[in-house]
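**Student:** Sharing a structure with you now.
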Amino acid sequence: MYPLLDTIHSPKDLQALSDEHAERLAEEIRKFLIQNVSQTGGHLSANLGVVELTLDLHREFSSPQDRIVFDVGHQAYVHKIITGRKDQFVHLRQENGLSGFPKGSESEHDAFDTGHASTSISAALGLAKARDLQGKKDHVVAVIGDGALTGGMVYEAMNQAGRDKTPMIVVLNDNEMAIGPNVGALARRLNALRTKKSYLNLKERILALLDHPDGNDRLYKFLRKTKRRIKYFLLAGVFFEELGFTYLGPVDGHNLVEVEKVLRQAKQLHEPVLVHVKTVKGRGFGPAEKDAATYHGVGKFDPDTGEVSKGCGESWAHAVGSQLEYFAKQDKKTVVITAAMPMSTGVQEYSKLYPKRFFDVGIAEEHAVTFAAGLAKGGMKPYFVVYSTFLQRAYDQMIHDVCMPKLPVTFLVDHTGVVGEDGETHQGIYDIAYLAHIPNMTVMSPSNRSELCKMMYFAAEYDGPIAIRYPKGNLPEDDKELGEIQLGKGCVVYHPEGAKTLILAQGVCRQMAEEAARELTARGIATAAADARFVAPLSEAWLDELAKNYDRIITVEDHIRTGGFGMIFKDRMDEKTKVKIMALPDRFIEQGSRDALLDRFGISVRGIIKTVENWNAEA
């Protein structure tokens, strides 16, 4: 099925390929990606766009001696295929299977573990400095997409690399997309770089001279100065050159010969170099080229038609977006902020309906939080919609800029708890620990759609910062009405006669807690169940009420134990009653389905039942 690809077991196998065979290999890799990702889901469009680029990187550089660092890493599937992991793709992003991101424990060719954007140049600079300090001569390459250029770390790293003149290569994979289309002034600057044909033609001629200096150092310097002056004349404000990087490109990222040529030029320059490569996200698969955002991180789909398998029911993200649209219609002070993820967080439609009150700040969560603080201080009602794993970046801004002045910013924290197939870098299992201890921060977890809407209404009227945390995926079918929300108080949802044991659950763990309580009661162990609603603050009156009514309380959450709800609750209960904590272990959790991972760690109906029965037997 793949006559050429089946002969590739390591990057060394690429060296003997002619350009013609390399092009055929690129076609086979695209077919392989489409066929395999259609069965497992994963990041498709980004990988289809970097096939030729990845082949040329491995033809021109010698991995693992030369280090290639992929920003985010969602575009590293091709890299994995040609570094000996092709046969593992049948288990891509599955439990005990192949990670969807670079992972050093998988292969020595994965130079740096990645999963979040804008980190590659910092990591590559560190590797380059370590190389220089040890007197080594290998090459270090960072491969970064233009979407990641909206992250501030990029410029902190480039500023140091350019100042120190550290030899390293940054390959800018420019496909005009992050997850959605790029936004802002940097995107416009790249558009200018792409279209300066007159500059490109002159640059080629000048570079040809520079590649063969005649030994006269004065002539060499003169030519370099002339090149720079012409560049400034034709392209005002050469941004990357100002940061100390020699700029090469742009080149067609799907032309193997052109890409190989420019990478070879970059290797010969012992200084910081930025290679600008223009690619098409989703290349070679019509549906992905037409709608790259949908196929950025896609579930299972039909490889022939591109039709994506859709789950039943409404997603949490869609419900959040719908409620925000309603708020915006009712109150002109409502504003929504996202960090390059309008589609993934459910606010794409909001952005169309209320474009003046919608702000996509790019991959810049730190800026987003302080920007929201400024909006709140100015009298607006800002909602920052963000994944739990990405909000981690903005910890200082939440403390310093939002919570200290007690500004009414609402954080709609998506993808909390175990998110599944994206693995360690994306599990939202730390946000309670980094949010709940901040003074003035209120943290809530809805268990269904009704609770989500009530909490959003509560936040809209609350005079202070609030974080509402909710999971990935679809809303539960259960939409039980739990009554009015009161600050710091939860709600007992099931209490059989004589129950002295309570299962107190956070968020969507409430449904499994209630099911477990009913089953335990049927088995003769009268057990109640409650929805905690709040993580912080916790009402002292409500805690006293629970202590009065129950001898044993088990807390259940899909969050790590340390700093989680259970520890907070147990600390507050002190000696009032016995408390046992059910939480995830304090470790990084690999990829796998959400249900399977939770069950592995006992956060399931059967896990709760077993814990209660064992505790009851000990009493």
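**Student:** Taking region 243-259 on its own, how many of its residues are buried (at least 19 other Cβ atoms within 10 Å of the Cβ) and part of a helix (DSSP H, G or I)? Spell out how you get there, then give the answer.
**Tutor:** Taking region 243-259 first, the residues buried (at least 19 other Cβ atoms within 10 Å of the Cβ) are 243, 245-251, 253-254, 256, 259.
Add one more test, that the residue is part of a helix (DSSP H, G or I), and what stays is 256, 259.
Within region 243-259, residues that are buried (at least 19 other Cβ atoms within 10 Å of the Cβ) and part of a helix (DSSP H, G or I) number 2.
**Student:** Which residue pairs have Cβ atoms closer than 8 Å, lie 6 or more positions apart in sequence or on different chains, and pair a first residue in region 560-575 that is touching a residue at least 40 places away in the same chain (Cβ under 8 Å) with a second residue that is outside any helix (DSSP H, G or I) and of a type in the set (Asp, Glu)?
**Tutor:** Cβ pairs passing all conditions: Ile560/Asp586; Thr562/Asp586; Gly564/Glu557; Phe565/Glu557.
**Student:** Further question on the same structure: Quick one: which residue in Ala22, Ala16 is part of a helix (DSSP H, G or I), more than 30 Å from the chain's Cα centre (by Cα) and farther than 26 Å from Glu307 by Cα?
**Tutor:** One residue alone meets the criteria, Ala22.
**Student:** I would also like to ask the following. Every residue in region 316-358 that is of a type in the set (D, E, K, R) and more than 18 Å from Tyr462 (Cβ to Cβ), please.
**Tutor:** At the first step, the residues of region 316-358 found to be of a type in the set (D, E, K, R) are 325, 329, 331-333, 349, 352, 356-357.
Those that are of a type in the set (D, E, K, R) and more than 18 Å from Tyr462 (Cβ to Cβ): Glu325, Lys329, Lys332, Glu349, Lys352, Lys356, Arg357.
**Student:** Any idea which of Arg523, Arg510 is modelled with pLDDT of 95 or more, crowded, with 22+ Cβ neighbours inside 10 Å, assigned by TED's automatic domain parsing to the domain that holds Lys610 and within 23 Å of Asp599 (Cα to Cα)?
**Tutor:** From the options Arg523, Arg510, the qualifying one is Arg510.
**Student:** Moving on. Select, from Met567, Met582, the only residue that is out of contact with any His (no Cβ under 9 Å at 6 or more places or on another chain) and either in a helix (DSSP H, G or I) or of a type in the set (Phe, Trp, Tyr) (or both).
**Tutor:** Values: Met582 fails: either in a helix (DSSP H, G or I) or of a type in the set (Phe, Trp, Tyr) (or both).
Of Met567, Met582, the one residue that is out of contact with any His (no Cβ under 9 Å at 6 or more places or on another chain) and either in a helix (DSSP H, G or I) or of a type in the set (Phe, Trp, Tyr) (or both) is Met567.
**Student:** Follow-up question, since we're still on this one. All but one of (1) touching a residue at least 60 places away in the same chain (Cβ under 8 Å); (2) charged (D, E, K, R); (3) within 30 Å of Val298 (Cβ to Cβ) hold for Asp479; state the number of the condition that does not hold.
**Tutor:** Condition not satisfied by Asp479: (1).
**Student:** Just wondering, is there one or more residues in region 538-550 that are assigned to a strand (DSSP E or B) and at pLDDT 95 or above?
**Tutor:** Within region 538-550, none of the residues are assigned to a strand (DSSP E or B) and at pLDDT 95 or above.
**Student:** Which pairs have Cβ atoms under 8 Å, sit 6 or more apart or on different chains, and link a residue in region 139-154 that is assigned by TED's automatic domain parsing to the domain that holds Phe61 and among the acidic types (Asp, Glu) to one that is at pLDDT below 95 and assigned to a helix (DSSP H, G or I)?
**Tutor:** Correct list of pairs: Asp146/Leu186; Asp146/Ala187; Asp146/Leu190.
**Student:** On to the next question. What number of residues in region 486-527 are more than 32 Å from the chain's Cα centre (by Cα) and part of a loop (DSSP other than H, G, I, E, B)?
**Tutor:** 12
**Student:** For Val273, are the conditions met, namely being touching a residue at least 60 places away in the same chain (Cβ under 8 Å), assigned to a helix (DSSP H, G or I) and either touching a helix residue (DSSP H, G or I) at 6+ places or on another chain (Cβ under 7 Å) or under 22 Å from Lys472 (Cα atoms) (or both)? Break it down stepwise before answering.
**Tutor:** Numbers: touching a residue at least 60 places away in the same chain (Cβ under 8 Å): yes; assigned to a helix (DSSP H, G or I): no; either touching a helix residue (DSSP H, G or I) at 6+ places or on another chain (Cβ under 7 Å) or under 22 Å from Lys472 (Cα atoms) (or both): yes.
Taking the combined requirement at face value, the residue does not satisfy it.
**Student:** Which residues, taken from region 344-363, are crowded, with 21+ Cβ neighbours inside 10 Å, at pLDDT 95 or above and under 22 Å from Gly151 (Cβ atoms)?
**Tutor:** Once the filter is applied, which keeps residues that are crowded, with 21+ Cβ neighbours inside 10 Å, at pLDDT 95 or above and under 22 Å from Gly151 (Cβ atoms), region 344-363 yields Thr345, Val347, Asp360.
**Student:** Have a look at Asp551, Asp544 and point out the one that is among the charged types (D, E, K, R), more than 19 Å from Asn614 (Cβ to Cβ) and not assigned by TED's automatic domain parsing to the domain that holds Glu451. Lay out the reasoning, then the answer.
**Tutor:** Working: Asp551 fails: more than 19 Å from Asn614 (Cβ to Cβ).
Of the residues listed, the single one that is among the charged types (D, E, K, R), more than 19 Å from Asn614 (Cβ to Cβ) and not assigned by TED's automatic domain parsing to the domain that holds Glu451 is Asp544.
**Student:** Exactly one of these conditions fails for Ser62: (1) within 28 Å of Ala16 (Cβ to Cβ); (2) in contact with a Pro (Cβ under 9 Å, 6 or more places away or on another chain); (3) buried (at least 19 other Cβ atoms within 10 Å of the Cβ). Give me its number.
**Tutor:** (3)
**Student:** Is it fair to say Asp463 is closer than 28 Å to His437 by Cβ, acidic (Asp, Glu) and either touching a residue at least 12 places away in the same chain (Cβ under 8 Å) or in the same structural domain as Asn549 (by TED's automatic domain parsing) (or both)?
**Tutor:** Values: closer than 28 Å to His437 by Cβ: yes; acidic (Asp, Glu): yes; either touching a residue at least 12 places away in the same chain (Cβ under 8 Å) or in the same structural domain as Asn549 (by TED's automatic domain parsing) (or both): yes.
So Asp463 passes the test.
Matching residues to (1) surrounded by 22 or more Cβ atoms within 10 Å (Cβ to Cβ); (2) at pLDDT 95 or above; (3) out of contact with any Pro (no Cβ under 6 Å at 6 or more places or on another chain):
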position	(1), (2), (3)
Tyr2	no, no, yes
Glu28	no, yes, yes
Phe32	no, yes, yes
Gln39	no, no, yes
Glu52	yes, yes, yes
His79	yes, yes, yes
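**Student:** Another question, if that's okay. Conditions first: (1) assigned by TED's automatic domain parsing to the domain that holds Gly420; (2) in contact with a strand residue (DSSP E or B) (Cβ under 8 Å, 6 or more places away or on another chain); (3) surrounded by fewer than 22 Cβ atoms within 10 Å (Cβ to Cβ); (4) touching a residue at least 24 places away in the same chain (Cβ under 8 Å). Lys332 passes all but one, so which condition is the exception?
**Tutor:** (2)
**Student:** With Thr389, Thr370 as the choices, which residue is touching a residue at least 40 places away in the same chain (Cβ under 8 Å) and either under 22 Å from Thr150 (Cα atoms) or under 24 Å from the mean Cα position of the chain (by Cα) (or both)?
**Tutor:** Details: Thr370 fails: touching a residue at least 40 places away in the same chain (Cβ under 8 Å).
It is Thr389.
**Student:** Only one residue in Ala130, Ala123, Ala161, Ala111 is within 20 Å of Glu60 (Cα to Cα), assigned by TED's automatic domain parsing to the domain that holds Gly282 and not polar (S, T, N, Q), so which one is that? Give the derivation first.
**Tutor:** Details: Ala130 fails: within 20 Å of Glu60 (Cα to Cα); Ala123 fails: within 20 Å of Glu60 (Cα to Cα); Ala161 fails: within 20 Å of Glu60 (Cα to Cα).
Answer to the selection: Ala111.
**Student:** Test Arg572 against the criterion of being of a type in the set (D, E, K, R), touching a strand residue (DSSP E or B) at 6+ places or on another chain (Cβ under 7 Å) and assigned to a helix (DSSP H, G or I), and give yes or no.
**Tutor:** no
**Student:** Enumerate the pairs (first residue in region 429-458 and free of Cβ contacts under 8 Å to residues at least 24 places away in the same chain and in the same structural domain as Ile568 (by TED's automatic domain parsing); second residue anywhere and of a type outside the set (Gly, Ala, Ser) and not in a strand (DSSP E or B)) with beta-carbon separation below 6 Å, excluding pairs fewer than 6 apart on the same chain, so at least 6 apart or on different chains.
**Tutor:** Hits for this filter: zero, empty list.
**Student:** Can you tell me which residue is surrounded by the fewest Cβ atoms within 10 Å (Cβ to Cβ) among those in region 567-619 that are among the hydroxyl-bearing types (Ser, Thr, Tyr) and either closer than 30 Å to Thr425 by Cα or not assigned by TED's automatic domain parsing to the domain that holds Ala547 (or both)? Break it down stepwise before answering.
**Tutor:** To start, the set of residues in region 567-619 that are among the hydroxyl-bearing types (Ser, Thr, Tyr) comprises 577, 593, 604, 611.
After this cut, where a residue has to be either closer than 30 Å to Thr425 by Cα or not assigned by TED's automatic domain parsing to the domain that holds Ala547 (or both) as well, the list is 593, 604, 611.
On the way: Ser593: 14, Ser604: 20, Thr611: 18.
Looking at residues that are among the hydroxyl-bearing types (Ser, Thr, Tyr) and either closer than 30 Å to Thr425 by Cα or not assigned by TED's automatic domain parsing to the domain that holds Ala547 (or both), I get Ser593.
**Student:** Identify the residue in region 95-111 that is over 21 Å from Gly41 (Cα atoms) and touching a helix residue (DSSP H, G or I) at 6+ places or on another chain (Cβ under 6 Å) and, among all such residues, is surrounded by the most Cβ atoms within 10 Å (Cβ to Cβ).
**Tutor:** Applying the first criterion (over 21 Å from Gly41 (Cα atoms)) to region 95-111 yields 104-105, 107-111.
Right, trim to touching a helix residue (DSSP H, G or I) at 6+ places or on another chain (Cβ under 6 Å) and you get 107, 109.
Values: Ser107: 17, His109: 21.
Filtering first and then ranking leaves His109.
**Student:** Do any residues in region 405-416 that are without any contact (Cβ under 8 Å) to a residue 24 or more places away in the chain have Cβ atoms under 6 Å from those of residues that are crowded, with 24+ Cβ neighbours inside 10 Å and in a strand (DSSP E or B), where the two are at least six apart or on different chains, and which pairs are they?
**Tutor:** none
The values are calculated or read from the model by the stated rules, or taken from the named source; none is laboratory data. Quick caveat: nothing in here was measured; it's all calculated off a predicted structure. Note: ideal-geometry Cβ built from the backbone for every residue, glycine included; neighbour counts use all protein chains shown.
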